[in-house]
Amino acid sequence: MKPAQPNQSLIDGLACLQALAAHAQPVGSRELGRMLGLEPTRVNRLLKTLAFVGLAQQNEQRKYLPGPAIHVLAAQSMRGSGLIRRALEPLESLFDLELQVAMGVLWDDQVCYLYHHSPGESAGEGLGREPLYPAASSGLGQVLLAEWPDEQVRELYTDGHRLRGMSSPRTVGLDGDDGLLAQLAQVREQGYALTQTLESSGLRTLGVALKGDNAAIGVAGRFKDRDVARIHERVAEAARRIENADDAIHRP
């Protein structure tokens, strides 16, 4: 929900930080300004501030890339939430389904995949490698959006993105029998999301929300309608294991 008086400097600074973290190559302040629709002088000032606190750094060509403090934040957030530690073993228990196994959170109108594993890979290869993906088209995204009231979903997709530069503009149909709100109503009724993958014909995703974590897990691949109940039971059981896992930190 948008606050009454949002701090635009903070919003723009976070947009710069997110763009740096998502960009595959070092980027200059002018290029980043064009990407975010911000004045280059403002972006330059924000980047210098981020560099001062270690969240950004410059290379020999004076272009910016993520700084070492990004890794500190990532490590501290994983330790603080405990989600990754609790989730790895239950997620690995789904590998025998021979489907992709994923866990993600919502970020604006996108899903950020904390874990995304494909059959035949080692468990560690699934950590933090996938790009952001449209939440409205994602099984994980839909099951997370279904936890919001319709008014909040409508605000997200009609008032524009909360952060600049999060994604290219796209139209999401909210109303009607095939609209997003109707799809979310069905998700709430059945307790899981089942979506078709946009890029690949025949691939679909089944997603289940994690209670109390603002996250979801799911599997993706080719499976028949008759397999949905069995797969949902397995994913739901993995979700319960994550929710109920003992997250105590044992120190020597």
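Quick notes on this structure:
- GNM flexibility winner over the chain from ARG226, ARG234, ARG62 (Cα, springs under 10 Å): ARG226
- Selected from ARG42, ARG230, ARG154 as most flexible by GNM, with the chain as the system and alpha-carbon contacts under 10 Å: ARG230
- Alpha-carbon Debye profile of the stretch 99-230, log10 I(q)/I(0) at 0.11, 0.19, 0.20, 0.21 Å⁻¹: -0.37, -1.13, -1.25, -1.36
- Label-zone membership for the stretch 77-112, site ASP246, 7 angstrom Cα→C-beta point, backbone N under 15 Å: 86
- The orientation-averaged shadow of the Cα convex hull for the stretch 1-114, equal to a quarter of the hull surface, comes to 9.6 nm².
- Two-site FRET efficiency, GLN61 against LEU14, from Cβ-Cβ distance with R₀ of 25 Å, rounded to 0.05: 0.50
- Around the Cα centre of the stretch 26-179, unit charges on the Cβ atoms of Lys, Arg, Asp and Glu (plus for the first two, minus for the last two) sum to a dipole of about 1280 debye.
- Nearest 10 degrees, 0 to 90: helix 8-22 Cα axis against the chain principal axis: 70 degrees
- Three-way shape call for the stretch 172-234 based on the alpha-carbon gyration tensor, with the a/c threshold at 1.5: oblate
- Contact order normalised by residue count of the chain, Cα under 8 Å, 6+ apart, percent: 17 percent
- Between GLY212, LEU94, LEU38, the Cα set farthest toward the positive side of the dipole of the chain (charges on each charged residue's Cβ, about the Cα centre) is that of LEU38.
- Listed by chain and number, the aspartates and glutamates placed with their C-alpha closer than 16 angstrom to that of LYS224 are GLU98, GLU233; residues fewer than eight positions away on the same chain are left out.
- For the chain, Kirkwood radius (reciprocal of mean inverse C-alpha pair distance, Å): 19.7 Å
- Top of SER137, SER201, SER29 by mean-square fluctuation, Gaussian network on the chain, Cα under 10 Å: SER201
- Hull volume per residue, based on the alpha-carbon atoms of the stretch 20-83 and their convex hull, is 96 Å³.
- Rg over Rh for the stretch 68-160 works out to 1.01, both radii taken from alpha-carbon positions and Rh defined as the Kirkwood radius.
- Per residue, the chain exposes an accessible area of 56 Å² to a 1.4 Å probe, with every protein chain left in place.
- Accessible area of the chain belonging to carbon and sulfur atoms, whole % at 1.4 Å probe: 51 percent
- Listed residue (LEU156, LEU140, ALA229) projecting farthest to the positive dipole end of the chain, Cβ model: LEU156
The values are calculated or read from the model by the stated rules, or taken from the named source; none is laboratory data. Since we're looking at a predicted model, the values are computed, not measured. Reconstructed Cβ throughout: ideal geometry from the backbone, glycine too, with neighbour counts over all protein chains shown. The accessibility values were calculated without ligands, DNA or RNA, using every heavy atom of the protein model including side chains. Shrake-Rupley method; radii C 1.70, N 1.55, O 1.52, S 1.80 Å.
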